[in-house]
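Engineer: Before we start, here is the structure in question, set down as structure tokens.
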Amino acid sequence: MVGAARRAGLDVVALTDHDTAHGWDEAAEAATQHGVALVRGIEISCSRYGRSIHLLGYLVDPDHPRLAGEIGHAREARVSRLRRMVERMAVDGIPISYADVVAQVPPGATEGRPHIADALVANGTVQTRDEAFLRWLGNDSPYYVRHYAPDPVDAVRLVVEAGGVAVQAHPFGRGRGAGAGDAVIEEMVAVGLSGLEVDHRDHDEAARAHGRELAARFGLLVTGSSDYHGAGKENRLGENTTATEVLAEIEARSSGVIPVLR
């Protein structure tokens, strides 16, 4: 991925896998080889009112005991949830098994619905991840199973405690990680939220304008991201980026325990 970022013309890339820092060491080695600065982080899967909210923790210490414990709990819940989803789908004749899903999970990655989608693509049932989510894996699907996820306010507190900088990911999009509205953002601000990911493929111009208005109101940083997930999503590396001065402010607000790797 780091090599692809370099080929796309990026000089800085952030790695924020869901609920894990497993890829950091490999990414750091690749960043040195390719001459790309690396912002290490995580994307914490949160929930409020039954809605999924994704929180980015940039330059966060993954070994902070409370943060590591919370993420570990969430990862374990994801595994049992995925088994139940696959079992429900198989009962209805959809050609999928838990072993098929596990085969799609890279070492150290957090198991999730995208890996069910990848298994369905691999066996030819659907053509793309998006098709799998549209037909069977969305939150309104009869196969959907909820799993434990921390409240976003608690997650912001943990990121700050762990020396990182908390930014809400794609707060105005649709579907997974779409957020839960301005009132929740205000709650997150009160405990240390530093920014909003405003420039994102899932945000139209009205959403981006609203994000900038909220950022100005609450004194938040405005970030942008391609939210690249590999070949399984349409997102292109570098299609949305973060300003150099915003990255500098993210560095300044972090504890410095996990620096930007240059």
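Engineer: Kindly provide the set of residues from segment 190-213 that are hydrophobic (A, V, I, L, M, F, W, C) and surrounded by fewer than 21 Cβ atoms within 10 Å (Cβ to Cβ), ordered by number.
Structural biologist: If the condition is that a residue be hydrophobic (A, V, I, L, M, F, W, C) and surrounded by fewer than 21 Cβ atoms within 10 Å (Cβ to Cβ), then 190, 191, 206, 207, 209 are the ones that fit.
Engineer: Okay, moving on. Scan segment 219-262 for residues that are β-branched (Val, Ile, Thr), closer than 23 Å to residue 8 by Cα and not in a helix (DSSP H, G or I) and jot them down.
Structural biologist: Hits for segment 219-262 are 222, 223, 241, 242, 260.
Engineer: Which condition number in (1) assigned to a helix (DSSP H, G or I); (2) crowded, with 21+ Cβ neighbours inside 10 Å is the one that residue 216 fails?
Structural biologist: Result: residue 216 fails condition (2) only.
Engineer: Restricting to segment 22-77, give me the number of residues that are among the aromatic types (Phe, Trp, Tyr) and touching a helix residue (DSSP H, G or I) at 6+ places or on another chain (Cβ under 6 Å).
Structural biologist: Of the residues in that region, 1 qualify.
Engineer: Follow-up. Examine segment 93-113 for a residue that is closer than 23 Å to residue 213 by Cβ, assigned to a helix (DSSP H, G or I) and charged (D, E, K, R), and state whether such a residue exists.
Structural biologist: no
Engineer: Still on this structure, please answer the following. Could you check how many residues of segment 114-130 are in a helix (DSSP H, G or I), under 20 Å from the mean Cα position of the chain (by Cα) and not acidic (Asp, Glu)?
Structural biologist: Final tally of qualifying residues: 5.
Engineer: Sort out which residues of segment 1-47 are out of contact with any His (no Cβ under 9 Å at 6 or more places or on another chain), outside any helix (DSSP H, G or I) and acidic (Asp, Glu), and write them in order of number.
Structural biologist: 11, 17, 19
Engineer: Within segment 119-132, is even one residue crowded, with 21+ Cβ neighbours inside 10 Å, farther than 17 Å from residue 49 by Cβ and in contact (Cβ under 8 Å) with a residue 40 or more places away in the chain?
Structural biologist: Yes; the residues of segment 119-132 include at least one that is crowded, with 21+ Cβ neighbours inside 10 Å, farther than 17 Å from residue 49 by Cβ and in contact (Cβ under 8 Å) with a residue 40 or more places away in the chain.
Engineer: If I filter segment 60-78 down to residues being under 16 Å from residue 258 (Cβ atoms) and without any contact (Cβ under 8 Å) to a residue 60 or more places away in the chain, which single residue comes out as nearest to the chain's Cα centre (by Cα)?
Structural biologist: 71
Engineer: Would you confirm, using the coordinates I've provided, whether residue 58 is crowded, with 22+ Cβ neighbours inside 10 Å, in the same structural domain as residue 161 (by TED's automatic domain parsing) and either at pLDDT below 95 or of a type in the set (Ser, Thr, Tyr) (or both)?
Structural biologist: yes
Engineer: Restricting attention to segment 82-112, report how many residues are within 22 Å of residue 149 (Cβ to Cβ) and either of a type in the set (Asp, Glu) or in contact with a Gly (Cβ under 9 Å, 6 or more places away or on another chain) (or both).
Structural biologist: Result for segment 82-112: 7.
Engineer: Right, next: Quick test of your reading of the structure: residue 257 fulfils all but one of (1) within 24 Å of residue 153 (Cα to Cα); (2) under 21 Å from the mean Cα position of the chain (by Cα); (3) surrounded by fewer than 16 Cβ atoms within 10 Å (Cβ to Cβ). Name the failing condition by number.
Structural biologist: Unmet condition: (2).
The values are calculated or read from the model by the stated rules, or taken from the named source; none is laboratory data. Owing to the predicted nature of the structure, the values given are computational and were not obtained by experimental measurement. Glycine gets a Cβ as well: all are built from the backbone with ideal geometry, and neighbour counts include every protein chain shown.
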